[in-house]
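The values are calculated or read from the model by the stated rules, or taken from the named source; none is laboratory data. Since we're looking at a predicted model, the values are computed, not measured. Please note: Cβ atoms are built from the backbone with ideal geometry, for glycine as well, and neighbour counts cover all protein chains shown.
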Amino acid sequence: MLVEELVAKVLSEARGLGLRLEDYGVGLRYCYALVVDEGSGRKALGLAYVPIREIGHDVLPEGVGLEDALELVLNASLLRRALGIAIANAISQSMLDPGGLDEGDILDHLDLRPDDKVVLVGYIRPVYEALRDEGLDITVLERDPMLRPPWGLPDTMLPRALVKATVCLATGSCLVNDTLDLVAHYARGCRIRALIGPTAQLLPALLHGVGFTHVASIYVREPGAAARAVRRGGGTRELLRYSVKYVSKAQAY
């Protein structure tokens, strides 16, 4: 499965870098992992969406280290999977060069056409509204019935929705709920295949390698403040106070 392959590659690239997991936790919307470079003291924060209505009475385990990320993403618990993704994201962020990233919103970096058929996997209201205002044909897939708009479809309709799509914008939450393989497979005919949102912080080169033409996420400039925001129950809007949006394009795109 793609998720464990990606996490294993991140852990492999991190060997010998002197990274340590300093802190981790969970709020109402996100799980976070804080990694520190023991040589330079530089810190990096990784995030992962928490499907709060699907975790029941689960709690995060104690005594977790970086090396536990792979075991965590293989767990049936979505909360533990979220922590595993957050750790892999934190490692990835520690290896990113923020100066080499293109800043801005994903929609500013897409070559959209008037006749495009867009599938949004995971309902992000601002993205949907921006696409709607452009007059594009949009299909929204959302797993959570509490978040799904009246015109949206459950994500079980993903294979059918992507048959004629030319653009697929999938949120990074598919890393947590284990639908990444489905998205990558059924979106392979799309001209644009983007993984977006705070959970899409894995090394862009690795995500391009499994078929995504664009990766859009956030680089956290103030890790400590952002971690406190998560613990206070903050979501994406709050996290953006301490972060910058970035977009990476595949070289072949």
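Which one is surrounded by the fewest Cβ atoms within 10 Å (Cβ to Cβ) among residues in region 159-185 that are among the charged types (D, E, K, R) and under 25 Å from Arg80 (Cβ atoms)?
Here the answer is Asp181.
If Arg188 meets every condition in (1) without any contact (Cβ under 8 Å) to a residue 40 or more places away in the chain; (2) under 21 Å from Leu2 (Cβ atoms); (3) buried (at least 16 other Cβ atoms within 10 Å of the Cβ) apart from one, which number is that one?
That leaves (3) as the condition not met.
Residues of region 197-228 being in contact (Cβ under 8 Å) with a residue 40 or more places away in the chain, in a helix (DSSP H, G or I) and farther than 20 Å from Ala184 by Cβ, which ones?
Hits for region 197-228 are Pro223, Gly224, Ala226, Ala227.
Each row is one residue, and each column tells you yes or no for (1) outside the structural domain of Ala86 (by TED's automatic domain parsing); (2) touching a Pro at 6+ places or on another chain (Cβ under 8 Å); (3) assigned to a loop (DSSP other than H, G, I, E, B).
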position	(1), (2), (3)
Tyr32	no, no, no
Val35	no, no, no
Gly39	no, no, yes
Leu45	no, yes, no
His57	no, no, yes
Leu60	no, no, yes
Val64	no, no, yes
Ala69	no, no, no
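Any idea which of Gly122, Gly46 is closer than 20 Å to Lys245 by Cα and in contact with a Phe, Trp or Tyr (Cβ under 8 Å, 6 or more places away or on another chain)?
So the residue among Gly122, Gly46 that is closer than 20 Å to Lys245 by Cα and in contact with a Phe, Trp or Tyr (Cβ under 8 Å, 6 or more places away or on another chain) is Gly46.
Name the residues in region 6-21 that are assigned to a strand (DSSP E or B) and either touching a Pro at 6+ places or on another chain (Cβ under 9 Å) or buried (at least 16 other Cβ atoms within 10 Å of the Cβ) (or both), would you? Give the steps one after another, and end with the answer.
In the first step, residues of region 6-21 are kept if they are assigned to a strand (DSSP E or B); the result is 19-21.
Matches in region 6-21: Leu19, Leu21.
Considering Val121, Val73, which residue is assigned by TED's automatic domain parsing to the domain that holds Gly152 and either of a type in the set (D, E, K, R) or touching an Asp or Glu at 6+ places or on another chain (Cβ under 8 Å) (or both)?
Val121
Taking Ser92, is it surrounded by 22 or more Cβ atoms within 10 Å (Cβ to Cβ) and among the small types (Gly, Ala, Ser)?
The answer is yes for Ser92.
Quick check on this structure: which one of Ala216, Ala227, Ala200, Ala187 is within 30 Å of Arg113 (Cβ to Cβ) and out of contact with any helix residue (DSSP H, G or I) (no Cβ under 6 Å at 6 or more places or on another chain)?
Values: Ala216 fails: out of contact with any helix residue (DSSP H, G or I) (no Cβ under 6 Å at 6 or more places or on another chain); Ala227 fails: within 30 Å of Arg113 (Cβ to Cβ); Ala200 fails: out of contact with any helix residue (DSSP H, G or I) (no Cβ under 6 Å at 6 or more places or on another chain).
When all the criteria are applied, what remains is Ala187.
Within region 237-253, can you find the residues that are among the β-branched types (Val, Ile, Thr) and out of contact with any Lys or Arg (no Cβ under 8 Å at 6 or more places or on another chain)?
Within region 237-253, just Val247 meets the criteria.
Suppose we filter Asp105, Asp111, Asp97, Asp37 for residues that are free of Cβ contacts under 8 Å to residues at least 24 places away in the same chain and either more than 19 Å from Leu206 (Cα to Cα) or not aliphatic (A, V, I, L, M) (or both); which single one remains?
Asp97
Given (1) without any contact (Cβ under 8 Å) to a residue 24 or more places away in the chain; (2) among the basic types (Lys, Arg); (3) in contact with a helix residue (DSSP H, G or I) (Cβ under 8 Å, 6 or more places away or on another chain), identify the lone condition not met by Arg160.
(3)
Go through region 109-124 and give me each residue that's modelled with pLDDT of 95 or more and exposed (fewer than 15 other Cβ atoms within 10 Å of the Cβ).
Arg113, Pro114, Asp115
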